[in-house]
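Below is one structure, written out as structure tokens; comments come after it.
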Amino acid sequence: MNKKKFFISTPIYYPSASPHLGHAYCTTLADVIARGKRLRGYDVFFVTGTDEHGEKIQKNAEAAGVTPQEFVDKIVERFTSLWDAMKISNDDFIRTTEERHVKTVQNIFSDMVKNDDIYLGSYEGWYCVHEESYWTETQVGPDHICPECGRPVEKKSEPAFFFKCSKYVDSLLKFYDEHPNFITPVARKNEMINTFIKPGLSDLCVSRTTFDWGIPVKEAEDHVVYVWLDALTNYITVLGYGQPDDSKFQYFWNDPETEIVHLIGADITRFHVIYWPMFLESLGLREPSRVFVHGLMMMKDGKMSKSKGNAVSAYPLIERYGVDAVRYYLVSEITFGQNGVFTPEQFVERVNNDLVNNLGNLLNRSVSMMAKYFDGVIPEYKGELNDLDTELKKAAEKTIVAYEALADDLKITEAYEEVMQLVSKANKYIQDSEPWSLAKDPEKKGQLESVMYHLANVIYIAGTLLSPILVEKAHLIFDQLGIPEDLRNYESIKNFGNLGGLKTQKGDLLFPRLDEAKEVEYIQSVMAGPKEKAAA
Ligand code: ME8
């Protein structure tokens, strides 16, 4: 049987400053999605990277007294080290200054010139250096303020190449109609249509002459390619589009059956849902399946960002609580698709409630009971099931089905919430079944066996489903249950009851309980203090 194929990307980040927890948020969610699909047997290609050209980077480098290349090289390292620390499983990391990318962008630009989709004209408009965007008179308003970031804009004029958007507007609207799931959340689609398309979409200026840190246009070397045409192309360069070996491109992108998902923050929606599909159509290539706009990691005083000076680094959290706790927090605390606020209190509570009291406790007490009542061996149970057993078994089976459906719909927080609810149910099952009472009555040995057998299976299922998040601890769960390698896979969890006879092995607590007051104080201290390990 052919494997299902799945492509997922994060935005390629600007290496203008060190990555913070907001960047870690998007990349971690992409990683959890990618690992979840791999677990289920999909062929996955997961890419992240850095967007290294543009005026902003050039200015930052000048201010730092180094060349733009030196400047980005240093910061890119901070991104790759963070992804290593967060155990991100990307299949490639693309840098837009790489030769493979530069050549591909130049070739794409030439193809668009040949197609008559790009022409030379002259541009005058209101320019925001921060957003690297031109705006119209109406958009900047009487105060001449960037509608995206609120900074002052400046009037600029330059000879420039333009991409003929007008040619593709009708087919874009038709594409939206035919693919109602293309933009999530769907409200964003109407916003795009009403704000940008209906008022009349001007042709897009796709070259610049006012600075030179960019990919030179082959047709006119004093022009560099506009940073967004350069950046968006990364999604296909990374697969080898237009390069001598384009086998990955053919395998993943060129297959209409491949599900192609771009995760992005709301600030870059316009580029991904308007211009990117148009560029692809101009090249005769298929569109992505879905652009998913995730929410923002906020602080109490607003969006977490380097420029606001309120950015929290992931490092101190990873070092003190382990990468799994941080990954779990990011997935569960902020409903995927909505904004969320980072507070030290909620971080500590989330870890204590879910990982310590719920999951860790279930494993710990179950393995202890197996040691006490059955010399650590998971009983084989083939007898009758009582109502409690039946209910738990059904809940476990339903959880697998719900997890798949929710994860496929990118309802990632909800998918893992289902799993944690199953864990809660198993804890309640212990309370309701009272194994300590069953153990006192030799006639109830069968029932006691049933309880242990059901608990082992539920922990095994929950551990497997949580493994895309718990990249360090999931195997410790399996070690404690004595699960052999050949059962550590997704298909095997569907055979409820195949664990009889395995020898469990009690281990350390999965997650140590956090002292709330002490840890809140610790997190507050690192939020305020020096925090960039990799920046040193
Ligand atoms: O826009 N919370 O790069 P960028 C959650 N290079 N996510 C956040 C966040 C926060 N506080 N802050 C940033 C660019 N992000 C372009 C992209 S793609 C072809 C080019 C995430 O470094 C979020 O996903 O400004 C946002 O879209 C992205 O970082 C912007 O990163």
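Number of residues in segment 209-232 that are part of a loop (DSSP other than H, G, I, E, B) and either acidic (Asp, Glu) or open to solvent by 60 Å² or more (accessible area, probe 1.4 Å) (or both) equals 4. Would you please name the residue that is surrounded by the fewest Cβ atoms within 10 Å (Cβ to Cβ), looking only at residues in segment 422-435 that are without any contact (Cβ under 8 Å) to a residue 24 or more places away in the chain and part of a helix (DSSP H, G or I)? Here the residue is Gln431.
Within segment 402-413, not a single residue is assigned to a helix (DSSP H, G or I) and among the basic types (Lys, Arg). Just checking, does segment 277-288 include any residue being closer than 17 Å to Cys26 by Cβ and either at pLDDT below 95 or aliphatic (A, V, I, L, M) (or both)? No - not one qualifying residue is present in segment 277-288. All of (1) free of Cβ contacts under 8 Å to residues at least 60 places away in the same chain; (2) more than 10 Å from the ligand (Cβ to nearest atom); (3) closer than 24 Å to Val291 by Cα hold for His23 with one exception: (2). Does Thr138 fit the bill of being of a type in the set (Val, Ile, Thr) and not in a helix (DSSP H, G or I)? In short, no. Residues in segment 390-409: is at least one in contact with a Ser or Thr (Cβ under 8 Å, 6 or more places away or on another chain), open to solvent by less than 10 Å² (accessible area, probe 1.4 Å) and more than 30 Å from Met299 (Cα to Cα)? Looking for residues that are in contact with a Ser or Thr (Cβ under 8 Å, 6 or more places away or on another chain), open to solvent by less than 10 Å² (accessible area, probe 1.4 Å) and more than 30 Å from Met299 (Cα to Cα), one finds none in segment 390-409, hence no. Under the condition of being near the ligand (Cβ under 9 Å from one of its atoms) and either of a type in the set (A, V, I, L, M, F, W, C) or at pLDDT 85 or above (or both), the residues counted in segment 292-311 number 9. Residues in segment 60-74 that are of a type outside the set (Lys, Arg) and surrounded by fewer than 22 Cβ atoms within 10 Å (Cβ to Cβ): Asn60, Ala61, Glu62, Ala63, Ala64, Gly65, Val66, Thr67, Gln69, Glu70, Asp73.
Only residues that are free of Cβ contacts under 8 Å to residues at least 60 places away in the same chain and either buried (at least 24 other Cβ atoms within 10 Å of the Cβ) or within 12 Å of the chain's Cα centre (by Cα) (or both) were counted across segment 35-49, and they come to 2. Of the residues making up segment 137-148, those that are under 21 Å from Leu201 (Cβ atoms) and open to solvent by less than 60 Å² (accessible area, probe 1.4 Å) are Val140, Gly141, Cys146.
Checking Ile12, Ile88 one by one, the residue that is within 12 Å of the ligand (Cβ to nearest atom), open to solvent by 10 Å² or more (accessible area, probe 1.4 Å) and of a type in the set (Val, Ile, Thr) is Ile12 and no other. Of the helices (runs of 4 or more DSSP H) that lie entirely inside segment 440-534, those containing 3 or more residues that are open to solvent by 50 Å² or more (accessible area, probe 1.4 Å) span 474-481, 516-528.
Considering Tyr251, Tyr235, the condition of being within 16 Å of the ligand (Cβ to nearest atom) and either surrounded by 22 or more Cβ atoms within 10 Å (Cβ to Cβ) or not charged (D, E, K, R) (or both) is satisfied by Tyr235 alone.
Is it true that Ile57 is of a type in the set (Val, Ile, Thr) and either part of a helix (DSSP H, G or I) or surrounded by fewer than 22 Cβ atoms within 10 Å (Cβ to Cβ) (or both)? Taking the combined requirement at face value, the residue satisfies it. Here Gly240 meets the list (1) open to solvent by 50 Å² or more (accessible area, probe 1.4 Å); (2) assigned to a loop (DSSP other than H, G, I, E, B) almost entirely, failing just condition (1). Got a number for residues in segment 308-346 being assigned to a helix (DSSP H, G or I), open to solvent by 10 Å² or more (accessible area, probe 1.4 Å) and of a type in the set (Val, Ile, Thr)? Matching residues across segment 308-346 total 1. Please determine, by comparing only the residues of segment 99-120 that are part of a loop (DSSP other than H, G, I, E, B) and in contact (Cβ under 8 Å) with a residue 60 or more places away in the chain, which one is surrounded by the fewest Cβ atoms within 10 Å (Cβ to Cβ). So, considering only residues that are part of a loop (DSSP other than H, G, I, E, B) and in contact (Cβ under 8 Å) with a residue 60 or more places away in the chain, the one surrounded by the fewest Cβ atoms within 10 Å (Cβ to Cβ) is Asn115. Once segment 60-98 is narrowed to residues that are assigned to a helix (DSSP H, G or I) and within 30 Å of Ile118 (Cβ to Cβ), the residue that is nearest to the chain's Cα centre (by Cα) is Val76. Every listed requirement among (1) loosely packed, with under 12 Cβ neighbours inside 10 Å; (2) touching a residue at least 60 places away in the same chain (Cβ under 8 Å) is met by Thr184 save one, (1).
Among the residues making up segment 256-270, those that are open to solvent by 10 Å² or more (accessible area, probe 1.4 Å) and either over 16 Å from the mean Cα position of the chain (by Cα) or within 12 Å of the ligand (Cβ to nearest atom) (or both) are Pro256, Glu257, Ala266, Asp267, Ile268, Arg270.
The values are calculated or read from the model by the stated rules, or taken from the named source; none is laboratory data. Here the structure is a predicted model, which is why all the values come from computation and not from measurement. Methodologically, a virtual Cβ is constructed for each residue, glycine included, from the backbone with ideal geometry; neighbour enumeration extends over all protein chains shown. Surface areas here come from the heavy atoms of the whole protein model, side chains and all, with no ligands, DNA or RNA. Shrake-Rupley method; radii C 1.70, N 1.55, O 1.52, S 1.80 Å.
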